[in-house]
Amino acid sequence: MKRMMILGLALILSFSMPLADRASARTATAQSPVLLQINQYYVTYTAPQSPYLDQNNRLMVPLRSLSDLLAAEVAYDAVNKSAVISRKNYLNETEKNYSLKMSIGVKDIEINGVASQMDTIPVLIQGSMYIPLSVVARAFHLDTKWDSSHKVTRLDEDPGYLPSGVVSDEEHVLGQHSDPSVRPIQSVIQTIDQKDGGSLIKMRLTYQNTGESTLGDNHYLRFYVHDSNFSHFDIYNQAQIKPSAAFTIETTNTILAKSLRYILVDACVD
């Protein structure tokens, strides 16, 4: 049954593809390393730009996507270019909510009402505020780990606080079918402008077999997409992937660019 879910999805090794007749000739691509993992889910894209390391070597993430992923609330002041992020204190729900206040271009912050300072600054990219993940983790008491060998930051969070579309997928919520030996390492986003004014997104994802066994056709990647709604789809291996080998797949389903917030990927095995 799962293999029927890949109908309309293509597994290819190159990134050239014909554009739909309704699409214009203009396309844009953005290539990014995969730097963030939340539980078993790799964050392969956030709009309008994937998480990145700034000049101070801090992992920067878009506030809108991060607030979705952490079930946090945001009040943004466009005049002062500041934001207050609040989140329930799940460790002690009788206590008041956690809060974090920061402003674009300013190192001064407030964590739960106490003044503090960062070693980097929030920035504005294409109308979206990007903030350092380390400060958010400190304010909300989140557990983060740095994987120096793979250069990935892992944030561990109770699955119940992840987006509803993910947690409703009971087969994956406990990670019982996830395969930690499969690691997405790079994503390429192609945005295709349509003649009707809309835009579609396709993703090319490169992943690596870091385990000691060959990956067969029972391995697959599950994509979670939050655009105008929340959906997921699977792409299965079509080749044997030996240890240390890398492989590239590409989505051909329709992802709406203008409403896209993030794409998560879980590497799974039947």
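Under a plain spin-label model, where a point goes 7 Å from the Cα along Cα-to-Cβ, how far apart in nm are VAL84 and VAL114?
1.9
Where Lys and Arg each count +1 and Asp and Glu each count -1, what net charge lies around SER116 among other residues with Cβ under 14 Å from its Cβ?
Spelling it out: positives minus negatives among the neighbours equals 0.
Using a 1.4 angstrom probe on the protein heavy atoms only, line up TYR90, TYR220 by accessible area, largest first.
Accessible-area ranking of TYR90, TYR220, largest first: TYR90, TYR220.
Out of every Cα-Cα pair in the range 116-172, what percent are more than 19 Å apart?
52
By a straight-distance test (C-alpha under 20 Å), which lysines pair with LYS107 as possible cross-link partners, with residues fewer than eight away in the same chain excluded?
Filter leaves LYS81.
For labels at ASP196 and ASP217 in the simple 7 Å Cα→Cβ model, what's the distance in nm?
For ASP196 paired with ASP217, the spin-label model returns 3.6 nm.
Are any of the pairs LYS202/LYS258; LYS88/LYS258; LYS195/LYS258 more than 23 Å apart by Cα-Cα distance, and if so, which?
Flagged as over cut-off: LYS88/LYS258.
Students often get this wrong, so try it: which of [x] 1.12; [y] 0.92; [z] 0.97 is Rg/Rh (Cα atoms, Kirkwood Rh) as calculated from the structure shown?
[z]
Expressed as a whole percent, how much of the Cα-Cα distance distribution for the range 110-252 exceeds 19 Å?
68
Give, as a single signed number, the net charge of other residues whose beta carbon lies under 12 Å from the beta carbon of ALA83, with Lys and Arg counted +1 and Asp and Glu -1.
Value of the local net charge: 0.
Hey, if we sort THR120, THR248, THR214 by accessible area with the 1.4 Å probe, largest down, what's the order?
These residues rank, largest area first, as THR214, THR248, THR120.
Would you tally the net charge around LEU70, using a Cβ to Cβ cut-off of less than 11 Å, leaving LEU70 out, and scoring K and R as +1, D and E as -1?
Summing Lys/Arg as +1 and Asp/Glu as -1 gives -2.
The values are calculated or read from the model by the stated rules, or taken from the named source; none is laboratory data. Everything quoted here is computed from the prediction, not taken from an experiment. Glycine gets a Cβ as well: all are built from the backbone with ideal geometry, and neighbour counts include every protein chain shown. Surface accessibility is based on the protein's heavy atoms, side chains included, excluding ligands, DNA and RNA. Shrake-Rupley method; radii C 1.70, N 1.55, O 1.52, S 1.80 Å.
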